[in-house]
1. Please build a GNM for the chain, connecting alpha carbons under 10 Å apart, and tell me which residue among 253, 224, 304 fluctuates the most.
2. Please compute, for the alpha-carbon atoms of region 189-245, the extent along each of the three principal axes and give them in descending order in Å.
3. Based on the alpha-carbon gyration tensor of the chain, what equivalent-ellipsoid semi-axes (square roots of 5 times the eigenvalues) come out, in whole Å, largest first?
4. Once the cut-off is 25 Å, how many percent of the Cα-Cα pairs in region 253-387 end up in the long-distance tail?
5. Only helical DSSP H runs with n ≥ 4 go in: add -39500 (n - 2.57) per run for the chain, normalise by residue count and round the 222 nm mean residue ellipticity to 500 deg cm²/dmol.
6. With viscosity set to 0.692 mPa s and temperature to 37 °C, compute the Stokes-Einstein D of region 73-124, Rh being the Kirkwood radius across alpha carbon pairs; µm²/s, no decimals.
7. According to the Kirkwood expression over distinct Cα-Cα pairs, how big is the hydrodynamic radius of region 123-229, in Å?
8. Mind checking the alpha-carbon convex hull of region 8-120 and giving the volume per residue in Å³?
């Protein structure tokens, strides 16, 4: 399907991005999956190519591009020709914007240039062992000691956790107030900050996911992002874009799985004819083609809404819900069409199958997305009571 949201300059950019992922990322992906993380050099190479934090202003070393379609292209090409473990979208589109939107001029000058160059890898720490989607239930705390803050607590399932040089940590700043959350930038090497296990996962084997621990970490006042009691509001505001990023990733995964499978059924033969010529194969792929095109069109429109600053949390939840559920259906059908080969890890479709499963969980589960959408319909149980 021709995607009408892109202009010729976007197509030219996509060509250069595709070359980068094919030449600089794809050749290393097998080794990265074995070692459980990407090389730091991958971020540096992406920075040298100008592919990190495209939105960053020129004074910080960025390109100053405020057109989310370019970011979308980077994410899509990473799925198609790179690896899910190279979690460049977290660095560029999820964590960097916290610093840009909430940071002072001094903070942005201190942290953004290194992040744009890929020399400072970013992470965000929200999830805790006892609090997942319920961010207001976090127990990690920060105490104001006058000239500094003292941070205590633990976080888990943190992407880029082992590699990160800068971690934006969410912590409670007022005891007993669920929404009184502060955001603190913890830097590698700070006393009391330690990294736990690199967690083994079902999929995304090259994505560094870890536990983080904070034991009386002294945080300078200059490492607080914004108001120390308004961090929860910031998290909610940024989560809409994070969920759209998940939707972009999910459709890109679905399209990649579809392309691999279409090529496979054209070449693989059974009973003397290509597998793709059987009616079942044609019908399955025809149905998937229609579904992918429909969801892709919706996600593309959400990207345009980001450009127009009109993406609501409800619409982002809809996009994440339909895109991640679609990815699960597509990759399952595509494994089936591969037959026994689909169960073998040497075939990429097998790895995509396990990579896809987490998409219905992170950035808010499908069930949480339905809650958000349902409440937007006026079906909040606090407001709707039976007569």
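No lab work stands behind these numbers, since they all come straight from the coordinates. Because the structure is predicted, anything quoted here is derived from the model rather than measured.
1. In this elastic network of the chain, the residue with the biggest mean-square fluctuation among 253, 224, 304 is 304.
2. Each principal axis gives a Cα extent; for region 189-245 these are 37, 35, 13 Å.
3. Computed over the chain, the values are 36, 24, 21 Å.
4. Every Cα pair in region 253-387 considered, those over 25 Å come to 39 percent.
5. -15000 deg cm²/dmol
6. D = 279 µm²/s.
7. Answer for region 123-229: a Kirkwood hydrodynamic radius of 13.8 Å.
8. So the per-residue hull volume is 89 Å³.
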